[in-house]
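K.L.:
Handing you a structure now.
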Ligand code: HEC
C-alpha cells in the first residue's frame, strides 16, 4: 500500500509539468467526509475548546491522569491555554477544507463553494480562528469572551444561510 502510493507520486512528479501537476493534485484532493461529518468531527470539538475558555481559566484545568491518552484536549499534554491556541488555529485551518471542490453535504448536494457568499463566510471563520488565537495567547479570559462572540457570529452567519432549513433537503442551496 505504502509502496504503491510512493510509486504513484513518483510517476506524477516525473511525467507532469509543474503547473499541470499543481492543478491535477488540487483537482484530485480527496474529500472523504460530508460537510456535516467535517463539522461534527473538527469545528464542533475545536469551537467547544475555544468557548470553554470563557467560563473556566484553562490554566486552572488539571492534567488528566494519563495526559497522553486524554480525550478532553484541555487536559492533555498539550492542554490548558495551549489547547485553546491550537484549537483556534485548527479552526482557521479547517476553513481551508471548506473551500475544496468535490465535497457533498449530507443531503447529497455539492457544498456551494462557487457561491461568492460561501467564500465570505469561510473568510469570517478563518478570521474568527485567528482572533481566538490572538486572545488565547494573551491568556485573558475577557478577551476570550470577545473572541467567542466573534466565533459564534461566524458560525451562525453561514448556518443561517445554508443550514437552518425546515427541510434538510434545502441545506447547502
Ligand atoms: C461556510 C459555512 C459554515 C461555517 C462557517 C460553519 N458551518 Fe457548520 N455547517 C454548515 C452547513 C451548511 C452545515 C450542514 C451540512 C450538511 O448537512 O452536510 C453545517 C453543519 C454543522 C454541524 C452539524 C449539524 C447537524 O445537523 O448535525 C455542526 C455541529 C456545525 N456545523 C458546527 C459549526 C461550528 C461550531 C462552526 C464555527 C466554528 C461552524 N459550524 C461554521 C456550514 C458552516
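The values are calculated or read from the model by the stated rules, or taken from the named source; none is laboratory data. Not measured: the values here are computed from a predicted model. So basically every Cβ, Gly included, is an ideal-geometry build from the backbone, and we count neighbours across all protein chains shown.
K.L.:
Could you please let me know if residue 148 is modelled with pLDDT of 95 or more and within 17 Å of residue 46 (Cβ to Cβ)?
P.N.:
The answer is yes for residue 148.
K.L.:
I've got another one for you. Would you mind finding the one in 97, 74, 125, 109 that is buried (at least 16 other Cβ atoms within 10 Å of the Cβ) and near the ligand (Cβ under 10 Å from one of its atoms)?
P.N.:
After ruling out the rest, the residue left standing is 125.
K.L.:
Condition first: in contact (Cβ under 8 Å) with a residue 12 or more places away in the chain and out of contact with any helix residue (DSSP H, G or I) (no Cβ under 8 Å at 6 or more places or on another chain). Now tell me which residues in segment 76-85 satisfy that.
P.N.:
Initially, segment 76-85 is screened for residues in contact (Cβ under 8 Å) with a residue 12 or more places away in the chain, giving 76-77, 79-81, 83-85.
Answer for segment 76-85, where residues must be in contact (Cβ under 8 Å) with a residue 12 or more places away in the chain and out of contact with any helix residue (DSSP H, G or I) (no Cβ under 8 Å at 6 or more places or on another chain): just 77.
K.L.:
Sticking with this structure for a sec: Exactly one of these conditions fails for residue 132: (1) in contact with a helix residue (DSSP H, G or I) (Cβ under 6 Å, 6 or more places away or on another chain); (2) touching a residue at least 40 places away in the same chain (Cβ under 8 Å); (3) closer than 17 Å to residue 35 by Cα. Give me its number.
P.N.:
All conditions are met except number (3).
K.L.:
Quick test for you: out of 120, 114, 161, pick the one residue that is more than 11 Å from the ligand (Cβ to nearest atom) and farther than 14 Å from residue 53 by Cβ.
P.N.:
Going through 120, 114, 161 in turn, just one is more than 11 Å from the ligand (Cβ to nearest atom) and farther than 14 Å from residue 53 by Cβ: 114.
K.L.:
Which one is farthest from residue 91 (Cα to Cα), of the residues in segment 35-51 that are surrounded by 17 or more Cβ atoms within 10 Å (Cβ to Cβ) and either at pLDDT below 95 or near the ligand (Cβ under 6 Å from one of its atoms) (or both)?
P.N.:
It comes out as 35.
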